[in-house]
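Chemist: Sharing a structure here in C-alpha cells format.
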Amino acid sequence: MIIVLLGAPGAGKGTLAGALKDQLGVHHISTGDLIRLEIKGGTAIGLEIKRYVESGGLVPDEVVTRMIEGKVVTTANDGKGYMFDGFPRTSAQALDLDKILTKNKLAIDFALYMEASLDVVLPRLTGRRVCKKCGALYHLTNMPSKKAGICDACGGDLYQRADDNEETIKKRMTVYNESTKPIIDHYKAQGKLKTINADGGADKVKSELLKILSEVHEKRS
Ligand code: AMP
C-alpha cells in the first residue's frame, strides 16, 4: 500500500504514520525527519538547508526529491509499501513523486487529506515534544509522556522543535496554504483523494484511516 499523507503542519501526519507503520508493514518516509537528520549530522546538505527549515520556508524541491528517490530506489523491491509524510509539498514534488514511483513500477494507492482547523493545529504544534533519540512524538497535554520530559519508548530526552514557535508556525502555515494545499487538486484529478477530519484525537483519526483501508481492500477483492 502506498499512501501520501497531506495536511497542514499539526494535522497529525507524523503521529498517524508512527501509530500505523508497523501494523500496516509500510516504510514511513518523513522528509522533515530526513532533513532534521542531515542538519543534526552537520552534513554538507544539512548546512545548506538549515536556514530554510529555521525560517519556516521550504527546502528546494531538487534536494528533497533526491532524498525521496534515494529511499524509494533502495526499498522498491521489498514489497512493503510506503506512507509519505510531508512529501510532496509542492506541485513539482507531486509530479516528481509520480515519476519516481512509475520508474520503480509502483503507484500511489491514495492520498489522505487530513483536514484540520487552525485553532486545533496551532496548540498541537506549540505543545508538541519529540524524543531526541527515537523521534517518538508527544504533546504536553494531548499525549503526555508518563514521566515529564522523558520518552516512554526509549528513555530519551524530549525536546521542542526549533520551528515549533509561534512566529515560524505562522510562516509555515502561509507556505502550506500557498504551496502545499494546491496539491490536493493533483490527487483529486487522479481520482485518488480521500479526505478525513483530523480535528479529533489520534485514535479517532487512526480508526478513520483503517476504515478507508478496509474499504479499499474490499473493493479490490
Ligand atoms: P515537517 O517535519 O514535515 O513539519 O517539516 C519540517 C520542515 O522541513 C518544513 O517546515 C520544511 O522547512 C522542511 N521540509 C519538510 N518536508 C519538505 C518538503 N517536502 N519540501 C520542502 N521542505 C520540506
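Chemist: Give me log10 I(q)/I(0) at q = 0.24 Å⁻¹ for segment 42-124, Debye formula, one equal scatterer per alpha-carbon, no solvent.
Modeler: -1.21
Chemist: Next up: With an 8 Å cut-off on Cα pairs and a minimum separation of 6 or more residues, tell me the relative contact order of the chain in percent.
Modeler: Worked out over the chain, it gives 29 percent.
Chemist: Using 0.36 nm per residue of separation minus the Cα-Cα distance, give me the extension gain between Ser117 and Ala92 in nm, one decimal.
Modeler: Additional length available on full extension: 6.4 nm.
Chemist: Return the distance in nm (one decimal) between the two label points of a simple spin-label model at Ser221 and Ile150, each offset 7 Å from Cα along Cα→Cβ.
Modeler: Using points 7 Å along Cα→Cβ, the separation is 4.4 nm.
Chemist: Quick one: compute the contact order of segment 98-217, relative version, from alpha carbon pairs under 8 angstrom and 6+ residues apart, as a percent.
Modeler: After rounding, I find 30 percent.
Chemist: Within 14 Å, Cβ to Cβ, of Gly57, how many net charges do the neighbouring residues add up to if Lys/Arg are +1 and Asp/Glu are -1?
Modeler: After counting each charged neighbour, the total is 0.
Chemist: What does the charge count around Leu97 come to, taking other residues whose C-beta lies under 14 Å from its C-beta (Lys +1, Arg +1, Asp -1, Glu -1)?
Modeler: Working: positive: Arg66, Lys71, Arg89, Lys99, Lys103, Lys192; negative: Asp61, Glu62, Glu69, Asp85, Asp96, Asp98, Asp109.
Here the count lands on -1.
Chemist: A further question follows. Sorted from fewest to most neighbouring beta carbons within 10 Å, what does the list Val175, Val130 look like?
Modeler: Numbers: Val175 18, Val130 21.
Ascending number of Cβ neighbours within 10 Å: Val175, Val130.
Chemist: Just to be sure I understand the model, the point goes 7 Å from the Cα along the line to the Cβ. What's the resulting Lys99 to Lys171 distance in nm?
Modeler: Distance between label points: 2.9 nm.
Chemist: List the pairs from Lys170/Lys211; Lys99/Lys181; Lys105/Lys171; Lys50/Lys71; Lys105/Lys132; Lys132/Lys181 whose alpha-carbon separation is above 28 Å, in the order I gave them.
Modeler: Lys170/Lys211; Lys105/Lys171; Lys105/Lys132; Lys132/Lys181
Chemist: For segment 76-207, give me the percentage of DSSP beta bridges that are antiparallel, rounded to the nearest 5 percent. Can you show the working numbers first?
Modeler: Working: 7 of 12 bridges.
Restricted to segment 76-207, the bridges split so that about 60 percent are antiparallel.
Chemist: Same structure, new question: Segment 59-101: percent of C-alpha pairs farther apart than 16 Å?
Modeler: 29
Chemist: Quote the relative contact order of segment 1-132 in percent (integer), defining contacts as alpha-carbon pairs under 8 Å separated by 6+ residues.
Modeler: Answer for segment 1-132 is 47 percent.
Chemist: Under Stokes-Einstein, with the Kirkwood radius over Cα pairs standing in for Rh, what whole-number D in µm²/s applies to segment 68-221 at 10 °C and 1.306 mPa s?
Modeler: For the chosen part, D equals 89 µm²/s.
Chemist: Based solely on its DSSP helices, what 222 nm [θ] is calculated for the chain when runs of n ≥ 4 H residues each add -39,500 (n - 2.57) and the sum is averaged over all residues, nearest 500 deg cm²/dmol?
Modeler: The helix-only estimate for the chain comes to -15000 deg cm²/dmol at 222 nm.
Chemist: What ranking of His217, His139, His28 emerges when the number of other C-beta atoms within 10 Å of each C-beta is taken as an exposure proxy, fewest first? Don't skip to the answer; put the middle values down first.
Modeler: Working: His217 10, His139 17, His28 20.
If I rank by nearby Cβ atoms, fewest first, I get His217, His139, His28.
Chemist: If you take every DSSP beta bridge fully contained in the chain, what fraction is antiparallel? Give it as a percent rounded to 5.
Modeler: Bridges in the chain are about 30 percent antiparallel.
Read the figures in this text as sums done on the coordinates, not as results from a lab. Quick caveat: nothing in here was measured; it's all calculated off a predicted structure. We place every Cβ from the backbone using ideal geometry, glycine too, and count neighbours over all the protein chains shown.
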